[in-house]
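A.B. asks: Before we start, here is the structure in question, set down as structure tokens.
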Amino acid sequence: MSRLALRIVIALAVVSILGIAITQIYWVRKAFDLKENQFNNDVNLALENVATQIFGYNKMVAPASKIVDQVSTNYFVVLLNGPIDSNLLGYLIKTEFDKRKITTDYQYGVYDCADQCMVGGNYYAPTKNSSKQNTKTPSLPNQISLTELPTTQTDGYYFGVRFFNIEANLVSQMGIWVFSSSVLLIVIFFFAYALFVILKQRRLSEVQKDFINNMTHEFKTPLSTIAISSGVLKDPSIIQTPERLLNYATIIENETHRLKQQVERVLQMARWEKNSLNLKREPLSLHQIISESAKNNLFAVEKAGGNVQLQLNATDDVLPVDKLHLSNVLYNLIDNAVKYCQQQPVITISTESTSQVFTLAVADNGIGISKENQTKIFHRFYRVPTGNVHDVKGFGLGLNYVKLVVEAHGGRITVQSKIGNGSIFKIVLPLA
């Protein structure tokens with residue numbers, strides 16, 4: 001699938017999922033509003049029936065005006081204009097609420113005209129105990145304020161009912177909607193995970209393709225050189241020029257050795273895949289290893305017209321390390337500094353130490369690495385994209401190997417770089 005087609009498919013899938021999610025949210029909200037309206041209607045009807053029964057007990061005629069007033073989303077008041085018995089009121093409210101299956105916790109109180117304050121404040125929790133009144137009496141005047149009532153209702157007898165946790169109670173009654181929303185969340189999660197896997201696999205596919213292309217170029221050049229040299233050696237007249245014969249034989253030997261090294265790198269990938277580096281650690285002087293590595297790579301650096309500068313300032317440089325792997329780390333960093341430099345390479349290797357860590361820094365004056373690629377260069381097979389230009393050979397394994405070796409020693413490696421201003425690779429190893 002082409003990149004454009006994949007992007008279109010992903011975009012359509014994302015739009016579809018978002019559309020489904022928005023639709024689900026809309027209908028869940030509508031269902032909640034319906035539940036809330038139904039709850040308010042049930043409470044109004046229940047409280048009207050309570051008021052009608054109290055009018056009957058008091059042998060009074062119910063007024064023609066509205067009896068129940070919803071002051072807020074969870075607070076209802078009922079105007080009676082007559083004395084109210086608190087115990088009878090509690091029984092009637094509970095009975096009417098039970099008929100309509102209103103299970104939200106509530107508190108009710110009666111307004112005392114003489115003292116002009118709320119009395120009672122009995123609290124019921126039907127969800128915990130539907131038959132037993134809670135003996136705890138919260139401070140109702142602090143929860144039911146006269147300032148919340150119209151002035152026309154504060155002139156007579158009335159009672160108020162306040163509900164608690166209405167939203168939670170209504171949501172608990174929306175079982176099918178909660179279930180469908182949960183299923184949708186699971187679908188979205190697995191869609192996001194599948195999308196992540198698809199993109200990751202595509203990235204791995206691109207990396208694998210780049211690796212095969214790089215490996216093809218790495219193998220093609222020495223094979224072509226060997227083929228040309230072999231063709232020259234087939235010429236019988238070459239025997240008459242021993243120097244030329246030796247030259248082409250040396251070329252074949254060098255290119256064969258180069259191929260052997262490339263094959264060895266590919267074979268090592270299986271071991272690196274498991275991050276299983278067999279370290280043979282022993283207390284060694286890192287300054288000595290650095291000096292030897294710089295000397296061994298000096299020919300390649302001088303061939304490019306550059307030099308290596310050592311600034312070994314660490315006071316404690318003896319660490320338990322694997323000499324071979326650590327030397328390979330330095331070789332890779334120096335080799336990269338030479339390969340990725342468009343001028344005469346200047347490589348500075350510096351060290352410093354504290355009571356706990358040993359720090360090794362390799363700085364160069366190369367082409368630099370963009371911030372976007374700095375987080376990727378340690379990935380296996382990754383190489384900074386250069387289009388169809390393959391002027392720098394490699395498999396994208398060097399820095400990944402460096403990272404594995406450093407981490408196997410219990411350290412960490414970081415890079416500081418800017419395009420055109422070179423790079424600084426900093427390795428921090430624990431002294432203990």
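The values are calculated or read from the model by the stated rules, or taken from the named source; none is laboratory data. Here the structure is a predicted model, which is why all the values come from computation and not from measurement. All Cβ positions, even for glycine, are placed from backbone atoms using ideal geometry, and neighbour counts span all protein chains on display. To get the accessible areas, we keep the full protein, side chains included, count just its heavy atoms, and leave off ligands, DNA and RNA. Shrake-Rupley method; radii C 1.70, N 1.55, O 1.52, S 1.80 Å.
A.B. asks: Provide the gained length on full extension for the span Thr73 to Ile10, in nm with one decimal, where the gain is 0.36 nm per separating residue minus the Cα-Cα distance.
C.D. replies: Contour length minus the Cα-Cα distance gives 18.3 nm.
A.B. asks: Students sometimes get this wrong: rank His379, His325 by accessible area, probe 1.4 Å, all chains present, largest first.
C.D. replies: Highest to lowest solvent-accessible surface, that is His379, His325.
A.B. asks: Using the Cα gyration tensor of the stretch 162-242, with a ≥ b ≥ c the square roots of its eigenvalues, what is the shape: rounded (a/c below 1.5), prolate (a/b larger than b/c) or oblate (neither)?
C.D. replies: Note, shape of the stretch 162-242 comes out prolate.
A.B. asks: Highest mean first, what order results for 357-367, 18-28 on Cβ atoms within 10 Å?
C.D. replies: 357-367, 18-28
A.B. asks: Kindly flag which residue pairs out of Lys209/Lys403; Lys209/Lys323; Lys234/Lys303; Lys200/Lys371; Lys280/Lys371 have an alpha-carbon separation exceeding 30 Å in this structure.
C.D. replies: With Cα atoms farther than 30 Å apart: Lys209/Lys323; Lys234/Lys303; Lys280/Lys371.
A.B. asks: On a 1.4 Å probe surface of the protein chains, which of Val183, Val402 comes out largest in accessible area, and what is the full order?
C.D. replies: Val183, Val402
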